[in-house]
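Engineer: Supplied in structure tokens, the structure appears directly below.
The values are calculated or read from the model by the stated rules, or taken from the named source; none is laboratory data. What you see is a predicted model, and the numbers here were worked out from it, not measured in a lab. Cβ: placed from backbone, ideal geometry, glycine included. Neighbour counts: every protein chain shown. Side chains are part of the model used for accessible areas, which takes the heavy atoms of the whole protein and leaves out ligands, DNA and RNA. Shrake-Rupley method; radii C 1.70, N 1.55, O 1.52, S 1.80 Å.
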Amino acid sequence: MTYDQSGEGLGIIGLGYVGLPLAVAFGRCRKVVGFDINAQRIEALKAGIDITREVDQQGLADADQLVFVSDTDALKQCSTFIVTVPTPVDEHKQPDFTAVRGACVTVASVLKAGDIVIFESTVYPGATEEICVPLLEQQSGLTFNKDFFVGYSPERINPGDKVHRLETIIKVVAGSTAAVTDKLAELYGEVVEAGIHRAPSIKVAEAAKVIENTQRDVNIAMVNELAMIFNRMDIDTSAVLDAATTKWNFLDFRPGLVGGHCIGVDPYYLTHKAQAVGYHPDMILAGRRINDQMGAYVANELVRLMIRKNIATQGARILLMGLTFKQDCPDIRNTKVVDVVAELQGYGVQVDVYDPWVSTEDARREYAIELIEKPANGTYDGVLVAVAHQCFIEEGAASLRHYCKPEHVVYDLKSVFPLEDVDGRL
């Protein structure tokens with residue numbers, strides 16, 4: 001479809017796991033231009049295909065006021081822009097604002113007097129006004145809070161989660177003025193059923209987002225450390241946690257790999273800003289160190305089990321099941337499964353990675369990993385279940401042993417199988 005040139009459209013910049021569900025939700029009730037610099041992504045969406053599997057073909061069809069474009073000129077029809085591009089960290093664990101800066105330049109090229117630019121990308125407190133606003137002013141020639149306005153509304157998308165969706169999660173909003181905050185609340189109120197929370201400032205909204213995942217990171221780090229302690233004591237960590245969760249106020253976090261685009265990344269945005277203002281965040285960084293070493297720890301635990309069974313590691317062949325950063329989604333961003341692979345390869349182990357949720361092209365491009373199409377029976381010296389995909393759980397631990405040689409080990413990183421059915425678990 002095409003729009004008139006009234007400039008009343010809504011532009012969504014970035015159509016990934018965050019931007020696409022947002023564009024589809026708004027596309028059911030108002031004019032939306034969904035923009036992405038990836039032309040292949042745009043063509044796939046036009047054909048009704050979402051490779052992230054967050055929106056099905058019918059969902060795309062239902063958003064009948066949404067158009068997908070990779071042409072910046074189409075954004076001239078819009079008066080409100082929502083930026084939903086990734087904010088990863090670089091190889092030095094420092095915030096990488098490349099995509100956000102690029103989005104600001106794109107928006108600035110079509111920015112008009114009276115327009116509003118809303119950011120959903122995770123940043124540290126102050127980044128919207130310190131990084132994005134100056135760039136918008138510089139590139140557009142317009143004046144902040146006079147000619148154009150900004151807002152911040154942190155994304156809370158959980159990839160693969162069919163229960164906690166955009167519509168069912170309370171939306172936090174904050175504008176550069178009180179009137180803009182009200183406009184954001186009204187806008188998001190069109191699609192969010194759970195309610196709107198007005199934060200008193202953009203910095204507060206930014207801080208709220210970054211601590212949501214920092215809190216989870218620290219809690220997971222604690223249970224990861226507990227798992228390492230209990231393993232030395234020959235105590236099953238899952239059994240301990242099951243017992244502890246019978247107390248009403250015990251927080252039920254489980255050990256595992258911490259990757260993805262949020263929990264394994266967002267704390268570094270906060271620690272970067274904390275250090276910039278002269279504070280060293282000991283506990284947060286300690287949690288990060290623990291979680292970042294878990295891939296190597298799991299690999300070493302598997303090797304230890306192999307040695308106990310007199311299985312030589314040099315030349316051994318291991319089936320690693322799962323590559324995504326979490327279960328039942330195709331997202332491999334910042335997956336820590338690759339750390340397990342690298343550590344095992346360092347022992348001279350051949351690792352075959354199997355994950356039916358992941359495209360072969362994505363695994364090859366992002367990590368130079370060649371996925372196998374299907375494991376062969378009687379082939380492996382060990383199996384490591386790295387991701388709790390439902391299809392793996394349904395297959396069962398007994399079936400996994402069919403892939404193995406007579407002498408083998410099965411390690412259950414996610415503790416999805418009964419303890420008696422596996423040789424070891426985290």
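Engineer: Which is at positive phi and under 19 Å from the mean Cα position of the chain (by Cα), of Gly260, Gly264?
Structural biologist: Gly260
Engineer: Condition test on Gly175, is it within 24 Å of Val55 (Cβ to Cβ) and at pLDDT 95 or above?
Structural biologist: Numbers: within 24 Å of Val55 (Cβ to Cβ): no; at pLDDT 95 or above: yes.
For Gly175, the condition - within 24 Å of Val55 (Cβ to Cβ) and at pLDDT 95 or above - is not met.
Engineer: If you check Ala103, Ala99, Ala127, which single one turns out to be in contact (Cβ under 8 Å) with a residue 40 or more places away in the chain, touching a Pro at 6+ places or on another chain (Cβ under 7 Å) and either open to solvent by less than 10 Å² (accessible area, probe 1.4 Å) or within 19 Å of Leu20 (Cβ to Cβ) (or both)?
Structural biologist: Ala99
To keep it simple, each residue is scored yes or no on (1) in a loop (DSSP other than H, G, I, E, B); (2) open to solvent by less than 20 Å² (accessible area, probe 1.4 Å); (3) of a type outside the set (S, T, N, Q).
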residue: Ala299; (1), (2), (3): no, yes, yes
residue: Asn310; (1), (2), (3): yes, no, no
residue: Thr313; (1), (2), (3): yes, no, no
residue: Thr335; (1), (2), (3): yes, yes, no
residue: Val340; (1), (2), (3): no, yes, yes
residue: Ala363; (1), (2), (3): no, yes, yes
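Engineer: Is it the case, given these coordinates, that Pro281 is without any contact (Cβ under 8 Å) to a residue 60 or more places away in the chain and over 22 Å from Arg216 (Cα atoms)?
Structural biologist: Here the answer is no, as Pro281 does not meet what is asked.
Engineer: Sort out for me the strands (runs of 3 or more DSSP E) sitting completely within the stretch 144-231 that have 2 or more residues that are within 30 Å of Asn291 (Cβ to Cβ).
Structural biologist: Those strands (runs of 3 or more DSSP E) span 171-175.
Engineer: Could you identify the single residue in Ser153, Ser176 that is on the phi < 0 side of the Ramachandran plot, hydroxyl-bearing (Ser, Thr, Tyr), in contact (Cβ under 8 Å) with a residue 40 or more places away in the chain and surrounded by 23 or more Cβ atoms within 10 Å (Cβ to Cβ)?
Structural biologist: Answer to the selection: Ser153.
Engineer: Related question: Just to be sure I understand, how many residues within the stretch 71-92 are touching a residue at least 24 places away in the same chain (Cβ under 8 Å) and either open to solvent by less than 20 Å² (accessible area, probe 1.4 Å) or under 16 Å from the mean Cα position of the chain (by Cα) (or both)?
Structural biologist: Residues that pass the stated criteria total 12.
Engineer: Still on this structure, I have one more. Which residues, taken from the stretch 1-28, are modelled with pLDDT of 95 or more, part of a loop (DSSP other than H, G, I, E, B) and of a type in the set (Gly, Ala, Ser)?
Structural biologist: Gly14
Engineer: Which of the residues belonging to the stretch 74-99 are among the acidic types (Asp, Glu) and at pLDDT 95 or above?
Structural biologist: Asp96
Engineer: Continuing with this model, one more query. If the requirement is being surrounded by fewer than 22 Cβ atoms within 10 Å (Cβ to Cβ), in contact with a Ser or Thr (Cβ under 9 Å, 6 or more places away or on another chain) and not aliphatic (A, V, I, L, M), which of these qualifies: Lys209, Lys203, Lys162, Lys146?
Structural biologist: On inspection, the qualifying residue turns out to be Lys203.
Engineer: Test Val358 against the stated conditions and say whether it is of a type in the set (A, V, I, L, M, F, W, C) and under 19 Å from Tyr297 (Cβ atoms).
Structural biologist: So Val358 fails the test.
Engineer: Out of the residues in the stretch 34-70 meeting the condition of being over 15 Å from Ile12 (Cβ atoms), among the aliphatic types (A, V, I, L, M) and not in a helix (DSSP H, G or I), tell me which one is least open to solvent (accessible area, probe 1.4 Å).
Structural biologist: Among those residues, the one meeting the criterion is Ala47.
Engineer: Counting only residues that are in contact with a helix residue (DSSP H, G or I) (Cβ under 7 Å, 6 or more places away or on another chain) and not in a loop (DSSP other than H, G, I, E, B), which one in the stretch 242-267 is surrounded by the most Cβ atoms within 10 Å (Cβ to Cβ)?
Structural biologist: Pro267
Engineer: A further question follows. Which numbered condition in (1) touching a residue at least 24 places away in the same chain (Cβ under 8 Å); (2) under 19 Å from the mean Cα position of the chain (by Cα) is the only one that His197 fails?
Structural biologist: Evaluating His197 over (1) touching a residue at least 24 places away in the same chain (Cβ under 8 Å); (2) under 19 Å from the mean Cα position of the chain (by Cα) leaves (2) as the failure.
Engineer: For the condition surrounded by 16 or more Cβ atoms within 10 Å (Cβ to Cβ) and assigned to a strand (DSSP E or B), what is the one hit in Leu319, Leu400?
Structural biologist: Leu319
Engineer: Limited to the stretch 380-399, what total is found for residues that are more than 23 Å from Gly160 (Cα to Cα) and either at pLDDT 95 or above or under 26 Å from the mean Cα position of the chain (by Cα) (or both)?
Structural biologist: The number of residues fulfilling the criteria is 4.
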